[in-house]
1. Which whole-number percentage describes the relative contact order of the stretch 2-147, with Cα contacts under 8 Å and a sequence gap of 6 or more?
2. Short version: ³J(HN,Hα) in whole Hz for each residue of the stretch 21-38, in order, from phi by Karplus 6.51 cos²θ - 1.76 cosθ + 1.60 (θ = phi - 60°), x for Gly and Pro, what are they?
3. Report, in debye and to the nearest 20, how large the dipole of the stretch 6-114 comes out about its Cα centre when Lys and Arg carry +1 and Asp and Glu carry -1 on their Cβ.
4. Take peptides 41-47, 4-10, 123-129 and line them up by average Cβ neighbours within 10 Å, highest first, as a rough protection proxy.
5. Could you put L99, L91 in order, starting from the residue whose Cβ has the fewest other Cβ atoms within 10 Å?
6. Across 5 Å bins from the origin, how do the percents of Cα pairs in the stretch 46-144 run, short distances first?
7. Across the stretch 2-10, in residue order, what do the Karplus-derived ³J(HN,Hα) couplings come to in whole Hz, using 6.51 cos²θ - 1.76 cosθ + 1.60 with θ = phi - 60° and x for Gly and Pro?
8. Starting with the fewest neighbours, write out T15, T51 ranked by other beta-carbon atoms found within 10 Å of each beta-carbon.
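Read-outs: derived from the displayed coordinates by stated rules, not from any lab. Computed from a predicted structure; not experimentally measured. Every residue, glycine among them, receives a Cβ derived from its backbone with ideal geometry; neighbour counts consider all protein chains shown.
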Amino acid sequence: MTDSLRRLAPASYCTAALLVLLPMMDYLGSAWPFQPSAANWRYEVAGTISTYLLSPLLGLLLASVTAAALPQRRVSKALGVLVWVVAVVLLLVLGNFVLDSLQVRNAAPANAPWVSAASFLLASAKILAGAVALMVLGVGNRQAARAAVVPTAATRPGPAAIIGQRAGS
């Protein structure tokens with residue numbers, strides 16, 4: 001079974017990379033032109049990130065499952081660090097999103113303030129859920145890296161026995 005998984009590993013990692021990178025490129029395209037000094041822009045960009053989270057999460061999950069199934073200890077460790085860093089960044093984005101929402105709440109239409117509040121709460125919940133999912137994935141990657149069996153001299157297959165040769169000679 002491991003040989004079959006090893007044959008699929010390049011395709012799995014390529015698919016995982018596409019699931020992560022393509023939504024990131026779309027997200028950056030929707031954030032253009034960059035205006036980090038404008039609170040409205042920061043609020044919209046942080047709120048928009050919640051719609052782009054699922055595909056990268058699935059890509060990181062696919063890469064993690066592939067690394068754990070093979071087992072590839074270093075890849076699992078690297079993915080574990082990566083997902084924890086992304087989780088922390090998402091929590092920082094969420095904190096900034098809350099602060100920016102306080103600055104732009106006066107721009108909400110007077111006749112529908114609940115629409116603005118509902119969209120803020122929904123986006124915040126998605127970002128928080130994404131960060132929690134990444135933390136859980138980070139713990140899983142760490143456990144997978146620890147559980148990965150590293151072949152030792154005793155567990156590596158040795159040379160095939162030669163027919164007619166006596167044991168120990």
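1. 34
2. Each residue of the stretch 21-38 in turn: 6, 4, x, 5, 5, 4, 4, 5, x, 6, 8, 7, x, 6, 9, x, 7, 8 Hz.
3. The calculation lands at about 580 debye.
4. Numbers: 41-47: 20.1, 4-10: 12.0, 123-129: 16.9.
Final packing ranking: 41-47, 123-129, 4-10.
5. The order, fewest Cβ neighbours first, is L99, L91.
6. The calculated distribution, bin by bin, is 2, 14, 21, 18, 13, 11, 8, 6, 4, 2, 1, 0.
7. So the Karplus estimates, Gly and Pro as x, are 5, 4, 5, 5, 5, 5, 8, 4, x Hz.
8. On the way: T15 16, T51 13.
Ascending Cβ contact count within 10 Å gives the list T51, T15.
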